[in-house]
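For reference, the structure is listed below as structure tokens.
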Amino acid sequence: GNSVTQMEGPVTLSEEAFLTINCTYTATGYPSLFWYVQYPGEGLQLLLKATKADDKGSNKGFEATYRKETTSFHLEKGSVQVSDSAVYFCALSGFGGSNYKLTFGKGTLLTVNP
Amino acid sequence: DVKVTQSSRYLVKRTGEKVFLECVQDMDHENMFWYRQDPGLGLRLIYFSYDVKMKEKGDIPEGYSVSREKKERFSLILESASTNQTSMYLCASRGSPGGANVLTFGAGSRLTVL
């Protein structure tokens, strides 16, 4: 079945530091890949997505590139802010039948200190 | 914007009680989902619904049931609550404005079973 493995946290950084959160996946076919973010006290919201190999998703300064050869979708940001403190989830979905549901990683808690 | 509303943010129930968690979405989406979120385990799918009166078990359906009588409403039911069902419950609705498999989440319902 499909699975997502992401870097375990927590991750603590100082403001303006570089961020990488690793995510690798196992899936049949050609899944779509996502990063969701959960700010304190809120539900998850989509941060970025990529639907085919070599696509780069980007939003709010975050980027992730769909690497089929390494089955990875690592999240990066060049300069984090205190407001980026949240839990980040990597996820994938296939298409059709039971593969149409999303499979999530366990989440990575990021804390950014001023 | 799509809005997914979970009626209760915090609930405290006693073991053996019947518990209803309600979720309403306002964008005529066909697909709706219930996840539970636990520290170190990430999000796990309980049930999902492709359409009115249709439901399919997710990865951890034991101890839960669902109801989808109207398109906009998806209810999660705990027939006899147990302490191991203490968790954060997240409802989601599927829309694809960009053509990808994007979920929109509610803010969550934190259930404590005593």
Condition met for B:L43 (aliphatic (A, V, I, L, M) and surrounded by 20 or more Cβ atoms within 10 Å (Cβ to Cβ)): yes
Could you tell me how many of the residues in the stretch B:1-55 are modelled with pLDDT of 95 or more, in a strand (DSSP E or B) and at positive phi? 0
Is at least one residue of the stretch A:64-81 over 15 Å from the mean Cα position of the chain (by Cα) and among the hydroxyl-bearing types (S, T, Y)? yes
Considering each of B:S93, B:S67, B:S75, B:S80 in turn, give the residue that is surrounded by 13 or more Cβ atoms within 10 Å (Cβ to Cβ), of a type in the set (G, A, S) and in contact (Cβ under 8 Å) with a residue 60 or more places away in the chain. B:S93
Go through the stretch A:5-31 and report how many residues are within 13 Å of chain B (Cβ to nearest Cβ) and aliphatic (A, V, I, L, M). 2
Requiring at least 3 residues that are touching a residue at least 12 places away in the same chain (Cβ under 8 Å) and under 17 Å from B:R94 (Cβ atoms), the strands (runs of 3 or more DSSP E) wholly within the stretch A:1-110 are A:32-38, A:44-50, A:86-93, A:102-104
List every residue pair whose Cβ atoms sit under 7 Å apart, with the two residues 6 or more apart in sequence or on different chains, where the first one lies in the stretch B:9-20 and is in contact (Cβ under 8 Å) with a residue 40 or more places away in the chain and the second, anywhere, is of a type in the set (K, R). B:R9/B:R110; B:Y10/B:R110; B:V19/B:K13
Positions within the stretch B:47-69 being among the hydrophobic types (A, V, I, L, M, F, W, C) and within 11 Å of chain A (Cβ to nearest Cβ), in sequence order: B:F48
Report whether or not A:F18 is of a type in the set (F, W, Y), touching a Lys or Arg at 6+ places or on another chain (Cβ under 9 Å) and surrounded by 13 or more Cβ atoms within 10 Å (Cβ to Cβ). no
Please specify each residue of the stretch A:56-107 satisfying the condition of being acidic (D, E) and either in contact with a helix residue (DSSP H, G or I) (Cβ under 8 Å, 6 or more places away or on another chain) or at pLDDT 95 or above (or both). A:E63, A:E76, A:D84
If you go through the stretch B:61-97, how many residues are assigned to a loop (DSSP other than H, G, I, E, B), farther than 24 Å from B:D28 by Cβ and over 12 Å from the mean Cα position of the chain (by Cα)? 7
Mind checking which residues of the stretch A:32-51 are more than 14 Å from the chain's Cα centre (by Cα) and at the interface with chain B (Cβ under 10 Å from one of its Cβ atoms)? A:G41, A:E42, A:G43
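The values are calculated or read from the model by the stated rules, or taken from the named source; none is laboratory data. Source: prediction; values computed, not measured. Heads up, the Cβs are rebuilt from the backbone with ideal geometry, glycines too, and the neighbour counts pull from every protein chain shown.
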